Amino acid sequence: MRIIVVENYEEMSAKGAELFVEVMTAKKNCVIGLATGSTPIGLYNNLAKACAEGKVDFSEVTSVNLDEYYPLAPDNDQSYRYFMNKNLFDKVNIKKENTFVPDGTAKDPEAACKEYEQRIDALGGIDIQVLGIGRNGHIGFNEPDANGLFAETHLTALTENTIEANSRFFASADEVPKHALTMGIGSVFKARKIVIMANGADKADAIKKMVEGPISTMCPASLLCLHPDVTLICDKSAYSLVK
Ligand code: PGA
């Protein structure tokens with residue numbers, strides 16, 4: 001794993017964007033893997049700016065997102081589809097029909113997950129995937145689980161910890177959906193290049209466990225140590241507990 005420690009959120013976002021622009025410049029029709037949450041917003045702002053300045057072109061790009069709440073409609077302002085439109089897709093020249101987010105309204109969520117996984121395969125995998133990390137070490141909605149993790153896109157229950165962390169965006173914790181559709185660890189590993197970003201002291205424990213190990217399903221991000229091309233970009237606070 002390559003580790004880049006930066007001063008702050010702005011530097012983290014700029015560095016992440018640099019890696020994306022590199023891949024997108026080398027391959028016009030690349031597949032980018034995207035995430036939601038506070039972490040990648042700065043990265044998306046940088047990409048939108050680069051696009052406005054003509055430094056990067058999304059016209060042939062396809063995107064796949066990590067996860068979506070279930071059940072939740074795409075026009076709900078807390079849905080991850082809504083988030084992606086607002087924070088990136090509406091600001092760049094990507095074709096909406098080339099943007100994929102798991103379907104939070106699917107009648108048959110298992111079939112929708114299977115289809116999503118097949119889509120990733122049909123696209124030939126992901127060229128570059130951005131990830132945030134949960135305070136509990138989750139990636140996507142792959143929550144810590146002593147009994148193991150799923151490889152492929154699947155329906156999952158959110159942990160209390162994640163419901164509480166995400167309740168800041170809802171009127172109350174009761175309104176946070178209790179389930180999600182998420183790419184699995186194996187789906188994430190189909191990405192040729194992974195960029196995981198973290199900032200702030202509340203991520204320090206998760207980053208320590210991810211970097212120092214042991215590799216464990218109790219810290220899903222620690223499994224990334226097994227992938228051949230992972231770059232961790234984090235600020236000093238998030239890195240502060242690593243020895
Ligand atoms: P955050 O969430 O970017 O809002 O901190 C990250 C995550 O939970 O994966």
Just to be sure, is Met1 under 24 Å from Val211 (Cβ atoms), in contact with a strand residue (DSSP E or B) (Cβ under 9 Å, 6 or more places away or on another chain) and either free of Cβ contacts under 8 Å to residues at least 40 places away in the same chain or surrounded by fewer than 18 Cβ atoms within 10 Å (Cβ to Cβ) (or both)? yes
When (1) under 20 Å from Met12 (Cβ atoms); (2) buried (at least 22 other Cβ atoms within 10 Å of the Cβ) are applied to Ala165, the one that fails is (2)
Give all pairs with beta carbons closer than 7 Å in which a residue from region 136-153 that is within 18 Å of His227 (Cα to Cα) meets a residue that is in a loop (DSSP other than H, G, I, E, B) and near the ligand (Cβ under 10 Å from one of its atoms); count only pairs at least 6 apart in sequence or on separate chains. Ile139/Ile133; Gly140/Leu66
Check on Lys208, surrounded by fewer than 24 Cβ atoms within 10 Å (Cβ to Cβ) and out of contact with any strand residue (DSSP E or B) (no Cβ under 6 Å at 6 or more places or on another chain): yes
Considering only strands (runs of 3 or more DSSP E) fully contained in region 111-183, which possess at least 2 residues that are within 12 Å of the ligand (Cβ to nearest atom)? 128-131, 179-182
When you scan region 29-50, do you find a residue that is assigned to a loop (DSSP other than H, G, I, E, B), surrounded by fewer than 20 Cβ atoms within 10 Å (Cβ to Cβ), more than 16 Å from the ligand (Cβ to nearest atom) and over 12 Å from the mean Cα position of the chain (by Cα), even just one? yes
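All of the numbers you see were taken from the coordinates with simple rules; none came from a lab. Not measured: the values here are computed from a predicted model. Quick reminder, even Gly has a Cβ in these numbers, built from the backbone with ideal geometry, and neighbours come from all protein chains shown.
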